[in-house]
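The values are calculated or read from the model by the stated rules, or taken from the named source; none is laboratory data. What you see is a predicted model, and the numbers here were worked out from it, not measured in a lab. As a convention, Cβ positions derive from the backbone with ideal geometry for all residues, glycine included, and neighbour counts pool all protein chains shown. Ligands, DNA and RNA are excluded from the accessible area calculation, which covers all protein heavy atoms including side chains. Shrake-Rupley method; radii C 1.70, N 1.55, O 1.52, S 1.80 Å.
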Amino acid sequence: MHAIRFDKTGGSDVLKLETVELPAPAQGEVRLRHTAIGVNFIDTYHRSGLYPVPLPSGLGREAAGVVDAVGEGVTAFKVGDRVATASGPLGMYAQASNIAAKELVKLPAGISDEVAAAAMLKGLTAWYLLHETYKVRRGETILVHSAAGGVGLILCQWGKALGANVIGTVGSQAKAQLARDAGAAHVLLLADGWEKKVREITGGEGLPVVYDSVGKDTFEASLNCLRPRGLMVSFGNSSGAVPPFSPGILSAKGSLYLTRPTLFHYIATRPELERGAAELFAVMQSGAVKVEVRQRFPLADAKAAHDALESRRTTGATVLLP
């Protein structure tokens, strides 16, 4: 089969399409024939070396497809089942993979493979951010950075469905309309004094929570937008990693809380994965959250997909097609 591999970290040019052998699935595994593969910012962190992985390596953890074979002891899935994963072994940028059955969920009717591949990691991320890291309550005002991105659009929609007043930040006027359409009540441009405007919107009170996937460029200003004992959720680094700082800053700005979460700690057990996926699929099937695939690239063009993602030319979700 064909798979994207890299043997050194760096820019997108380190990604190579290679022919590799895929053995039969081992005990507890299934062979998944991929029909769509999710592309996420964390993939660029693995490729660049920001999040180190053993080399040489495959790339990607999110895919949807059809069960092609089952290993010994697998009873929850059968050949022909439509399934998806957000926590597969690194290497989902491929035509097929062997994956532990416990990492898969069945796809309900009405959710296409492309949407599933685009929604699993981003949607489960939105789920844990809104329901687990901080439980958003009706009437609260929350701030979502990169509101027109893959996770951001889901956060806006789901936050609105929960009854929250969503403030979204974006990098351009073109992206502003996407955030508004997704339910953001206020959309602010990052280059246009957004910190002051957040304070005005909240009447100077500040926010209970900020969801920040930008990192270095927005971190300190995001802290300034929080009310006393507010929570800063730093879950991405699209502008670069946040530099070291003294914990005393959190005290000085109002006894703030800071967390740097990752999805895999919230779906570490089978019950957690099933609960998160069930709540995600339910809100999607209700129509309250729509996941749009806005960019499609052939598997062989993974480099172009990463270039588009890192240059912030993408909106919504991006998938690779084997």
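Restricting attention to segment 119-171, and to residues there that are on the phi > 0 side of the Ramachandran plot and of a type outside the set (Ser, Thr, Tyr), which single residue is least open to solvent (accessible area, probe 1.4 Å)?
GLY163
Of (1) among the acidic types (Asp, Glu); (2) farther than 21 Å from LYS106 by Cβ; (3) touching a Leu at 6+ places or on another chain (Cβ under 8 Å), ASP68 satisfies all except one. Which?
All conditions pass for ASP68, except number (2).
Hey, can you tell me all the residues within segment 187-202 that are open to solvent by 10 Å² or more (accessible area, probe 1.4 Å), among the hydrophobic types (A, V, I, L, M, F, W, C) and more than 17 Å from TRP158 (Cβ to Cβ)?
LEU188, LEU189, LEU190, ALA191, TRP194, ILE201
Could you say which residue among THR202, THR169 is at pLDDT 95 or above, among the hydroxyl-bearing types (Ser, Thr, Tyr) and within 20 Å of the chain's Cα centre (by Cα)?
THR169 is the lone residue from the list that is at pLDDT 95 or above, among the hydroxyl-bearing types (Ser, Thr, Tyr) and within 20 Å of the chain's Cα centre (by Cα).
List the number of the failed condition for VAL209; all other conditions in (1) at pLDDT 95 or above; (2) more than 25 Å from ALA184 (Cβ to Cβ); (3) under 22 Å from the mean Cα position of the chain (by Cα) hold.
Checking VAL209 against (1) at pLDDT 95 or above; (2) more than 25 Å from ALA184 (Cβ to Cβ); (3) under 22 Å from the mean Cα position of the chain (by Cα), the one that fails is (2).
Pairs please, first residue from segment 1-27 and in contact (Cβ under 8 Å) with a residue 24 or more places away in the chain, second anywhere and open to solvent by 80 Å² or more (accessible area, probe 1.4 Å) and β-branched (Val, Ile, Thr), Cβ atoms under 9 Å, 6+ apart in sequence or on different chains.
MET1/THR19; HIS2/THR19; ALA3/THR19
Taking segment 105-118, which residues are more than 13 Å from GLY38 (Cα to Cα) and either buried (at least 18 other Cβ atoms within 10 Å of the Cβ) or of a type in the set (Val, Ile, Thr) (or both)?
Passing the criteria: VAL105, LEU107, ILE111.
Take residues that are in contact with an Asp or Glu (Cβ under 9 Å, 6 or more places away or on another chain) and buried (at least 19 other Cβ atoms within 10 Å of the Cβ) and tell me which of the strands (runs of 3 or more DSSP E) falling wholly in segment 203-295 contain 1 or more.
207-212, 226-234
In the set GLU205, GLU195, which member is in contact with a Lys or Arg (Cβ under 9 Å, 6 or more places away or on another chain), in contact (Cβ under 8 Å) with a residue 12 or more places away in the chain and among the acidic types (Asp, Glu)?
Being in contact with a Lys or Arg (Cβ under 9 Å, 6 or more places away or on another chain), in contact (Cβ under 8 Å) with a residue 12 or more places away in the chain and among the acidic types (Asp, Glu) holds for just one of GLU205, GLU195, which is GLU205.
Give me the pairs: first residue in segment 83-102 and among the basic types (Lys, Arg), second residue open to solvent by 10 Å² or more (accessible area, probe 1.4 Å), beta-carbon distance under 7 Å, and six or more apart or on different chains, which are they?
These pairs meet every condition: LYS102/ARG270.
On the given criteria, is SER234 over 24 Å from GLY123 (Cβ atoms), at pLDDT 95 or above and polar (S, T, N, Q)?
No; evaluated as a whole, the condition is false for this residue.
Residue check: is ALA126 among the aliphatic types (A, V, I, L, M), in a helix (DSSP H, G or I) and over 28 Å from GLY11 (Cβ atoms)?
Answer is yes for this residue.
For segment 172-186, which residues satisfy the criterion of being surrounded by fewer than 23 Cβ atoms within 10 Å (Cβ to Cβ) and either assigned to a loop (DSSP other than H, G, I, E, B) or in contact with a Lys or Arg (Cβ under 7 Å, 6 or more places away or on another chain) (or both)?
Result: SER172, GLY183, ALA185.
Does ALA305 qualify as being in contact (Cβ under 8 Å) with a residue 60 or more places away in the chain, within 14 Å of the chain's Cα centre (by Cα) and either closer than 22 Å to GLY88 by Cα or surrounded by fewer than 18 Cβ atoms within 10 Å (Cβ to Cβ) (or both)? Break it down into steps so the answer makes sense when it comes.
On the way: in contact (Cβ under 8 Å) with a residue 60 or more places away in the chain: yes; within 14 Å of the chain's Cα centre (by Cα): no; either closer than 22 Å to GLY88 by Cα or surrounded by fewer than 18 Cβ atoms within 10 Å (Cβ to Cβ) (or both): yes.
When the stated conditions are applied, ALA305 does not pass them.
Output the number of residues of segment 270-285 satisfying the condition of being without any contact (Cβ under 8 Å) to a residue 40 or more places away in the chain and not basic (Lys, Arg). Write out each step before concluding.
Taking segment 270-285 and keeping what is without any contact (Cβ under 8 Å) to a residue 40 or more places away in the chain, we get 271-272, 275, 278, 282.
The next check asks that each one be not basic (Lys, Arg); those that pass are 271-272, 278, 282.
Total satisfying the criteria: 4.
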